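Working notes for the structure below.
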Amino acid sequence: MLKFIFYVVFLTPLCFFVNYWLVLGFLFLVSFLYLVFGYLSFILSGFSYYFGTDVLSYGFILLSFWICGLMLLASGSIYSDNNKGSTFLFLVSFLLLFLVLTFCSSGLFMFYFFFEASLIPTFLLILGWGYQPERLQAGIYLLFYTLFASLPLLVSIFNLYSILGTVNFYLFFSFNNLGFGLYTYVSLVLAFLVKMPMFVFHLWLPKAHVEAPVSGSMILAGVLLKLGGYGLLRVFSLIYCLGACLNFFVVGISLLGGILVSLICLRQVDLKSLIAYSSVAHMGIVLGGLFTMTYWGLSGSYSLMIGHGLCSSGLFCLANISYERVGSRSLLVNKGLINLMPSMCLWWFLLCSSNMAAPPSLNLLGEISLINGIVSWSWFSLLLIFFLSFFSAGYTLYLYSFSQHGSVYSCLYSLNSGYYREYLLLFLHWLPLNLFILNVEMLFDWI
């Protein structure tokens, strides 16, 4: 694992001296190398805990490499317009380094340190390359929501170290019956709930997405939201006994919140805002599965987090492609696009169908597992799951039909169907999303 970290470290200063597309090629090269070497060491040779990395970390690190490469591919206009391309490359590679170190950490304190450090490049991406004047306010929302909830986590880490003498993830199984208090449970969980985000703590996410550039939206939806789920998976072994009594609060709020957010999606007129709220709805069912602490719930949440990272990132790319042509993200303007961009309509269909968990996408596997886990945990949740699945299909159909069909806005006359770069970008989102279903063992054998 250390060789991949050094690869990213030495790539960071190169951003100021080499071509934009060369750095992009290096990122895809390291993604391919990590895919091959990680698969050989973690899957075929059994678990390999070198440098704090296991099968759970493997999927998220691979997702980080892949999404950061696709961020550069999606941001070709920054390079062509000479909009501080070198600084942008530096921030993306710096963010990638923090993400890889976050998923490699075996100690809770180092995880917390890199977890919070990843906010800085994200904030600078929104501030430097955002679209609207309100991007400073959106960045402040992002910082204060996450930092405010993270302070109790830091206090709890110090408290755990004084009690247990260690904060290593892999030793937490030995201490799960010590009977920690309510404060430890809330402080360990709250920071990750805000990061995912859970309904009630979600207000920073749509604001950040709307103001962020396409690269900021991709990394936010693709990887940064998954830091919360990854942190919960790591600390559950410590609060397992207490969670069995208290988790029903979070499951209920998450499922009910997912339904309410799905209804909010049905009245959105901004493309990015609709996709951002759909992320909150998906994270609602993920949180519900996580907090059941069953085998199906944990495995399904891991699968859906990986699938959602690829799918929502691709949808943000499609929204940006339309925005660059039309000059607006409003659904009232972006309608009838099948007449103006017929080839791009296929990618809208493929990614929207994956978003509503159509086969053979990874989202289908994750949602089936989550429904199995949540319903086996409590039969009362069946009604909530029914409405959540129905409305999530509803707002995805609304997004697709409203943007592709209907009469064309009168100010639009002709558009090109897309560049090769954009088709490659969308293909590289869709292919792994529908290819990972062939290797289900990797997603279900990490527990």
Subject >> Residue satisfying all of: in region 319-350; among the aliphatic types (A, V, I, L, M) and within 24 Å of ALA221 (Cα to Cα); most open to solvent (accessible area, probe 1.4 Å) among these >> reply: LEU346
**OP:** Sort out which residues of region 415-447 are in contact with a helix residue (DSSP H, G or I) (Cβ under 9 Å, 6 or more places away or on another chain), in a helix (DSSP H, G or I) and farther than 29 Å from MET341 by Cβ, and write them in order of number.
**Re:** ASN439, VAL440, GLU441, MET442, LEU443, PHE444
Subject >> Hits in region 256-277 (condition: under 25 Å from SER381 (Cα atoms) and open to solvent by 10 Å² or more (accessible area, probe 1.4 Å)) >> reply: LEU256, ILE259, LEU260, LEU263, ILE264, LEU266, TYR277
Original post:
Yes or no: SER162 farther than 21 Å from MET1 by Cα and either polar (S, T, N, Q) or surrounded by fewer than 18 Cβ atoms within 10 Å (Cβ to Cβ) (or both)?
Top reply: yes
Original post:
Regarding SER31, is this residue in a helix (DSSP H, G or I), at pLDDT 80 or above and in contact with a Cys (Cβ under 7 Å, 6 or more places away or on another chain)?
Top reply: no
Original post:
Exactly one of (1) more than 15 Å from THR292 (Cα to Cα); (2) under 16 Å from the mean Cα position of the chain (by Cα) is unmet by VAL167. Its number?
Top reply: (2)
Subject >> Candidates SER64, SER86 - the one that is part of a helix (DSSP H, G or I), open to solvent by 30 Å² or more (accessible area, probe 1.4 Å), more than 14 Å from ALA212 (Cα to Cα) and of a type in the set (S, T, N, Q) >> reply: SER86
Original post:
Using beta carbons and a limit of 8 Å, which pairs, at least six apart or on different chains, have the first residue in region 115-129 and of a type in the set (D, E, K, R) and the second one open to solvent by less than 10 Å² (accessible area, probe 1.4 Å)?
Top reply: GLU116/THR146; GLU116/SER150
Original post:
For region 147-183, which residues satisfy the criterion of being under 30 Å from ILE219 (Cα atoms), assigned to a helix (DSSP H, G or I) and among the polar types (S, T, N, Q)?
Top reply: SER150, SER156
Original post:
For region 95-109, which residues satisfy the criterion of being buried (at least 18 other Cβ atoms within 10 Å of the Cβ) and assigned to a helix (DSSP H, G or I)?
Top reply: LEU95, LEU96, LEU97, PHE98, LEU99, VAL100, LEU101, THR102, PHE103, CYS104, LEU108
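The values are calculated or read from the model by the stated rules, or taken from the named source; none is laboratory data. Remember, it's a predicted structure, so these values are computed and weren't measured experimentally. Reconstructed Cβ throughout: ideal geometry from the backbone, glycine too, with neighbour counts over all protein chains shown. The protein model used for the area step is the full one, side chains on, heavy atoms only, and it has no ligands, DNA or RNA in it. Shrake-Rupley method; radii C 1.70, N 1.55, O 1.52, S 1.80 Å.
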